[in-house]
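The values are calculated or read from the model by the stated rules, or taken from the named source; none is laboratory data. Because the structure is predicted, anything quoted here is derived from the model rather than measured. A quick note on method: Cβ atoms are made from the backbone with ideal geometry, for glycine too, and the neighbour counts reach across all protein chains shown.
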Protein chains: 2
Amino acid sequence: MHLVVIGGVAAGMSAASRARRLDRDAQITVLERSSVVSYGACGLPYWISGVVDDAEELIVHPPEFFERERGIRVRTNTRVAEVAPARRRVLLEGGEELLYDRLVIATGARPVALPVPGAELPHCFRFHTWDDAHRLDAFLREQRPASAAIVGAGFVGLEMAEALLARGLRVTLFDQASHFLGWRDEWLSERIQNLLRTAGVELRLGRAVREIGSKEVDGVPADVVILSPGIAPNTELASAAGITLGRRGAIVVNEFLETNISGIFAAGDCAETFHLLLNAPSWIALGTTANKMGRVAGANAIGRKERFPGVVGTSILRVCGLAVGVTGLSELSAREAGFRPVTAAVEARNRPSYFGGKQVSVKLVVDSASGRLLGGAVTGEEGVEGRVNVLATAITAGLRAEEFQFADLCYSPPYATVWDPLLIAAQQAMHKLG
Amino acid sequence: MHLVVIGGVAAGMSAASRARRLDRDAQITVLERSSVVSYGACGLPYWISGVVDDAEELIVHPPEFFERERGIRVRTNTRVAEVAPARRRVLLEGGEELLYDRLVIATGARPVALPVPGAELPHCFRFHTWDDAHRLDAFLREQRPASAAIVGAGFVGLEMAEALLARGLRVTLFDQASHFLGWRDEWLSERIQNLLRTAGVELRLGRAVREIGSKEVDGVPADVVILSPGIAPNTELASAAGITLGRRGAIVVNEFLETNISGIFAAGDCAETFHLLLNAPSWIALGTTANKMGRVAGANAIGRKERFPGVVGTSILRVCGLAVGVTGLSELSAREAGFRPVTAAVEARNRPSYFGGKQVSVKLVVDSASGRLLGGAVTGEEGVEGRVNVLATAITAGLRAEEFQFADLCYSPPYATVWDPLLIAAQQAMHKLG
């Protein structure tokens, strides 16, 4: 049994490792086009900012580790030219052919091109891979730019704003929209904009960038430009092999993460996942989902029958020192999905003020028909990740606001208040439900 | 309509305040036997330790606030001698009678007596009320004791160990049992014992204290003694009035928190609550439950019909700087309740090591028959409260380990790892379930 995995970052290495744990005898080969595997790509902005001293710290295991400890063949700097399912073969660039019994496609995503004049100038950088980060770092060290423009205010754009401020640059953030994280929510946007402005980020939101010059972007000084207008799944190989893609160009998989071609699985940013609230396939490219899908794809590739249940759309990021987390549906997404949402927004402390409590802001989205929790956004200095996870769990379980408002959450002055901000928000939502 | 509330701390003031919000016209009187109402009793150990500078910071609102802002009559230093339901009257010590239409009993709990010779010596202190804390503080300032014995390792005992260490005393902690927090769990006990020993607390566990001398307890030097052998509900008034008490001496209430006598409600530490996992009444005296029950009792006392769903038994406390939290059933409690539990225990980081991640220890209890999560214990320096709350929510919602292992929890290096320790524990439990 030969399992071939294309892609060696989050989903790919999870799949290979899980397959090995479940099957000691399978031959397992991972094909990775870059020079590194198994690294924390989400940590790269924090290497640029200086929180992480050495990029090597982001590498969970070097390729040799997998070879030596797990008996997984890892071939770096290896590009796949074609997948030929009829002959169960992967063709490498250079002509070599690999015969596979099962295949896991974990080719990830890549930044989309920005169709703006000047985007190909040498001071413009994408920020997606290990190599991208190293190219940018070299430029920052060698050219010592004083100002930066970031085009695109997604995860990467927001994290890079913080990172480049930390490197001492003046930062301007551009985005066509004036909303963030796909939430299209005034309440959340206002909070994020305030965070950015307070930290010293100049904002140019709500209009498209027209032109990038060698020293400016639309008249704003910029010695270096980060292009982060979004990502798209890497699915050319899959598509050419006859594998079905979905609406966003990501690979369609069933609940076992198998594609339309038997024996070929897909996981991570190149594949669709299932949205538990929309009750439909969805493309949500995140490291945590990639790892989970990889785990399931790896198990099923060696003969198990594990289901990947899906996601509710949880994410968190640091915006200039504060945490911003979301889970489930925003008010607008909920409405578009046919729900009739009511919302409640509260500001409350995470601990008693006599214990140095910090402000936490919570917005809850609740379905007025069923009373079920649909989504939530949380921002603050502390305790955001725990609250987002509580909401994600409540939403996954289908709890109604009425049930959740009395959730038996923990209390002790060093850690919590008697009424958690989440419960206060649930009470307010109940009040609106009448 | 005259609502009388007996007791003015957590449950009592919550009931009075909620009643006022829902009914602008009701006459509301709170009777409190001490001199303060509405204070954070759980913060008192942190005033002793010095984290809280001034005990006044623990007072949420002074009595005048309720009078002025909420139109609630608050009578401090007022002791109730008798409740006479047949005549709908509360008799105060001194002879005054109050006519009530609805009554909320929120008389709380008190430390049980310790039947040990010497327990009445003047250097022995209980630690339950505002006045207790002030008496102890005065003794510590005036007598400058060098050593302390704490008899009883419940919440108060553990918190006072930290507080008295912080005041520079040598501390010995005595308890008949060698387990903590009602969990009777080796794994958890070992962790808590290690925390205490590392912080410098001397432990005398597993045997009853025989005698308290003026300068020692069972031969261990002790210039001051804290008696914290546990608490019991204050229900003499209720019992004498014909109100039914349960097995532990706490007031029996229905889901609307009404007692067996129509129009008389009970809430907080004097009353039973409902345990969602045991599917039975249970006496769990905690500040957070008291506030929630008070809120519901207050609403129902003025004519609403709100249900208090119950609790799963969540608590957290700080033990010498580290957080220890539990929720749901311990392995032993689960077995005693007729479940067939399997457990999984893991140690993992709350964040990537390159982001200064700290160790978090998790023990999960899962029912092997249904696969449902039954309980969990979490300890660590950071992120314990959030994880306990995630488990409490999952347990309340009845999630199975199989569903929970893929919970869409948030990930970003400053806040989390790709696989949360909770999910790793759920995976391990799944593995044991086979």
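Which of the numbered conditions does A:Phe139 fail, given that it passes all the others? Conditions: (1) among the hydrophobic types (A, V, I, L, M, F, W, C); (2) buried (at least 18 other Cβ atoms within 10 Å of the Cβ); (3) under 25 Å from A:Val51 (Cβ atoms).
(2)
In this structure, is A:Pro281 within 19 Å of the chain's Cα centre (by Cα) and assigned to a loop (DSSP other than H, G, I, E, B)? Walk me through how you get there before you give the answer.
On the way: within 19 Å of the chain's Cα centre (by Cα): yes; assigned to a loop (DSSP other than H, G, I, E, B): no.
Here the answer is no, as A:Pro281 does not meet what is asked.
Can you report the number of residues in region A:387-434 which are farther than 19 Å from A:Asn350 by Cα, assigned to a helix (DSSP H, G or I) and of a type in the set (Lys, Arg)?
1
Which residue, of A:Leu169, A:Leu195, is more than 27 Å from A:Trp283 (Cα to Cα), within 21 Å of the chain's Cα centre (by Cα) and surrounded by 18 or more Cβ atoms within 10 Å (Cβ to Cβ)? It would help to see each step written out before you state the result.
Numbers: A:Leu169 fails: within 21 Å of the chain's Cα centre (by Cα).
So the residue among A:Leu169, A:Leu195 that is more than 27 Å from A:Trp283 (Cα to Cα), within 21 Å of the chain's Cα centre (by Cα) and surrounded by 18 or more Cβ atoms within 10 Å (Cβ to Cβ) is A:Leu195.
Considering only region A:254-282, how many residues are farther than 24 Å from A:Ala397 by Cβ and either within 14 Å of chain B (Cβ to nearest Cβ) or not small (Gly, Ala, Ser) (or both)?
Applying the first criterion (farther than 24 Å from A:Ala397 by Cβ) to region A:254-282 yields A:258-271.
From what is left, the residues that are either within 14 Å of chain B (Cβ to nearest Cβ) or not small (Gly, Ala, Ser) (or both) are A:258-261, A:264-265, A:267-270.
Final tally of qualifying residues: 10.
Give the residue that is surrounded by the most Cβ atoms within 10 Å (Cβ to Cβ), with candidates limited to residues of region A:336-386 that are free of Cβ contacts under 8 Å to residues at least 24 places away in the same chain and in a loop (DSSP other than H, G, I, E, B).
Residue satisfying both the conditions and the ranking: A:Gly356.
Just checking, does region A:385-404 include any residue being farther than 16 Å from B:Thr393 by Cα and in contact with a strand residue (DSSP E or B) (Cβ under 6 Å, 6 or more places away or on another chain)? First the steps, then the outcome.
At the first step, the residues of region A:385-404 found to be farther than 16 Å from B:Thr393 by Cα are none.
The answer is no, given that none of the residues of region A:385-404 is farther than 16 Å from B:Thr393 by Cα and in contact with a strand residue (DSSP E or B) (Cβ under 6 Å, 6 or more places away or on another chain).
Identify all residues within region A:379-402 that are more than 7 Å from chain B (Cβ to nearest Cβ) and either more than 27 Å from A:Ile192 (Cβ to Cβ) or polar (S, T, N, Q) (or both); write none if there are none.
A:Thr379, A:Gly398, A:Arg400, A:Glu402
Based on this model, can you work out whether A:Asn300 counts as out of contact with any Leu (no Cβ under 9 Å at 6 or more places or on another chain) and closer than 29 Å to B:Val418 by Cα? Let's see the steps before the verdict.
Numbers: out of contact with any Leu (no Cβ under 9 Å at 6 or more places or on another chain): no; closer than 29 Å to B:Val418 by Cα: yes.
Considered against the rule, which asks whether it is out of contact with any Leu (no Cβ under 9 Å at 6 or more places or on another chain) and closer than 29 Å to B:Val418 by Cα, A:Asn300 comes out as no.
If only one of B:Pro115, B:Pro145, B:Pro111, B:Pro122 is over 30 Å from B:Leu22 (Cα atoms) and in contact with a Lys or Arg (Cβ under 6 Å, 6 or more places away or on another chain), which one is it? Let's see the steps before the verdict.
Values: B:Pro115 fails: in contact with a Lys or Arg (Cβ under 6 Å, 6 or more places away or on another chain); B:Pro145 fails: in contact with a Lys or Arg (Cβ under 6 Å, 6 or more places away or on another chain); B:Pro122 fails: in contact with a Lys or Arg (Cβ under 6 Å, 6 or more places away or on another chain).
Step by step, each of B:Pro115, B:Pro145, B:Pro111, B:Pro122 is checked, and only B:Pro111 is over 30 Å from B:Leu22 (Cα atoms) and in contact with a Lys or Arg (Cβ under 6 Å, 6 or more places away or on another chain).
I'm trying to understand the selection: among the residues of region B:16-39, which are in contact (Cβ under 8 Å) with a residue 60 or more places away in the chain and within 18 Å of the chain's Cα centre (by Cα)?
B:Tyr39
Can you name the number of the only condition in (1) in contact with a Gly (Cβ under 6 Å, 6 or more places away or on another chain); (2) in contact (Cβ under 8 Å) with a residue 60 or more places away in the chain; (3) among the charged types (D, E, K, R) that B:Glu82 fails?
Here B:Glu82 meets the rest and fails (1).
With respect to B:Pro221, is the statement that it is touching a strand residue (DSSP E or B) at 6+ places or on another chain (Cβ under 7 Å), surrounded by 17 or more Cβ atoms within 10 Å (Cβ to Cβ), of a type outside the set (Asp, Glu) and within 30 Å of B:Gln143 (Cβ to Cβ) true? Walk me through it before giving the result.
On the way: touching a strand residue (DSSP E or B) at 6+ places or on another chain (Cβ under 7 Å): yes; surrounded by 17 or more Cβ atoms within 10 Å (Cβ to Cβ): no; of a type outside the set (Asp, Glu): yes; within 30 Å of B:Gln143 (Cβ to Cβ): yes.
In short, no.
Would you check which residues across region B:318-327 are in a strand (DSSP E or B) and more than 9 Å from every other protein chain (Cβ to nearest Cβ) and list them? Walk me through how you get there before you give the answer.
Looking only at region B:318-327, we keep the residues that are in a strand (DSSP E or B), and these are B:318-319, B:322-327.
Correct list: B:Val319, B:Leu322, B:Val324.
Would you confirm whether or not region A:328-347 contains a residue that is at the interface with another protein chain (Cβ under 8 Å from one of its Cβ atoms), touching a helix residue (DSSP H, G or I) at 6+ places or on another chain (Cβ under 6 Å) and either modelled with pLDDT of 95 or more or within 23 Å of A:Ser189 (Cα to Cα) (or both)?
Start the filter on region A:328-347 by keeping residues that are at the interface with another protein chain (Cβ under 8 Å from one of its Cβ atoms), which leaves none.
Checked region A:328-347: no residue is at the interface with another protein chain (Cβ under 8 Å from one of its Cβ atoms), touching a helix residue (DSSP H, G or I) at 6+ places or on another chain (Cβ under 6 Å) and either modelled with pLDDT of 95 or more or within 23 Å of A:Ser189 (Cα to Cα) (or both).
Restricting to region A:283-295, give me the number of residues that are more than 18 Å from A:Arg247 (Cβ to Cβ), more than 9 Å from every other protein chain (Cβ to nearest Cβ) and among the small types (Gly, Ala, Ser).
1
Output yes when any residue across region A:64-73 is free of Cβ contacts under 8 Å to residues at least 40 places away in the same chain and touching a Ser or Thr at 6+ places or on another chain (Cβ under 9 Å), and no when none is.
Our first condition is that a residue be free of Cβ contacts under 8 Å to residues at least 40 places away in the same chain; within region A:64-73, this holds for A:64-65, A:67-69.
Of the ones still in play, those that are also touching a Ser or Thr at 6+ places or on another chain (Cβ under 9 Å) are A:65.
Yes: one or more hits.
Pairs only if they're at least six apart or on different chains, beta carbon under 6 angstrom, first in region B:196-220 and on the phi > 0 side of the Ramachandran plot, second modelled with pLDDT under 95 and part of a loop (DSSP other than H, G, I, E, B); list them, first residue then second.
B:Gly206/B:Ser178
Conditions: (1) away from chain A (no Cβ under 14 Å); (2) more than 21 Å from the chain's Cα centre (by Cα). B:Ala299 meets all but one. Number of the miss?
Condition not satisfied by B:Ala299: (1).
Give region A:174-190 a look and list any residue that's in a loop (DSSP other than H, G, I, E, B) and among the small types (Gly, Ala, Ser), or say none. Working first, answer last.
Of the residues in region A:174-190, the ones in a loop (DSSP other than H, G, I, E, B) are A:176-185.
Answer for region A:174-190, where residues must be in a loop (DSSP other than H, G, I, E, B) and among the small types (Gly, Ala, Ser): A:Ala177, A:Ser178, A:Gly182.
Hey, B:Ile284 hits all of (1) β-branched (Val, Ile, Thr); (2) in contact with a strand residue (DSSP E or B) (Cβ under 8 Å, 6 or more places away or on another chain); (3) at pLDDT 95 or above but one; which does it fall short on?
Among (1) β-branched (Val, Ile, Thr); (2) in contact with a strand residue (DSSP E or B) (Cβ under 8 Å, 6 or more places away or on another chain); (3) at pLDDT 95 or above, B:Ile284 violates only (3).
Inside region B:403-434, can you point out the residues that are facing chain A (nearest Cβ under 9 Å), more than 25 Å from A:Ile59 (Cα to Cα) and out of contact with any helix residue (DSSP H, G or I) (no Cβ under 6 Å at 6 or more places or on another chain)?
B:Glu403
Please go through region B:388-434 and pick out each residue that is of a type in the set (Gly, Ala, Ser), within 14 Å of B:Arg372 (Cα to Cα), in contact (Cβ under 8 Å) with a residue 24 or more places away in the chain and crowded, with 24+ Cβ neighbours inside 10 Å.
The answer is B:Ala392, B:Ala401, B:Ala425, B:Ala426, B:Ala429.
With the checklist (1) touching a residue at least 12 places away in the same chain (Cβ under 8 Å); (2) surrounded by fewer than 16 Cβ atoms within 10 Å (Cβ to Cβ); (3) over 30 Å from A:Pro413 (Cβ atoms) in hand, flag the one item B:Asn77 doesn't pass.
Only one criterion is unmet by B:Asn77, namely (3).
If you take the residues in region B:111-136 that are of a type in the set (D, E, K, R) and at pLDDT 95 or above, which one is surrounded by the fewest Cβ atoms within 10 Å (Cβ to Cβ)?
Looking only at region B:111-136, we keep the residues that are of a type in the set (D, E, K, R), and these are B:120, B:126, B:131-132, B:135.
Those left that are additionally at pLDDT 95 or above: B:120, B:126, B:132, B:135.
Values: B:Glu120: 11, B:Arg126: 22, B:Asp132: 18, B:Arg135: 14.
Checking each candidate, the answer is B:Glu120.
Would region B:302-317 turn up any residue that is part of a helix (DSSP H, G or I) and more than 9 Å from every other protein chain (Cβ to nearest Cβ)?
Here is the first cut: in region B:302-317, the ones part of a helix (DSSP H, G or I) are none.
No: zero hits.
Report the residue count in region A:221-271 for those that are of a type in the set (S, T, N, Q), under 20 Å from A:Thr288 (Cβ atoms) and outside any loop (DSSP other than H, G, I, E, B).
The total comes to 0.
Which residue out of A:Val365, A:Val326 is in contact with a Pro (Cβ under 9 Å, 6 or more places away or on another chain), within 19 Å of A:Val390 (Cα to Cα) and not small (Gly, Ala, Ser)? Even if it seems obvious, please write down each step before you answer.
Working: A:Val326 fails: in contact with a Pro (Cβ under 9 Å, 6 or more places away or on another chain).
Just a single option satisfies the conditions, and that option is A:Val365.
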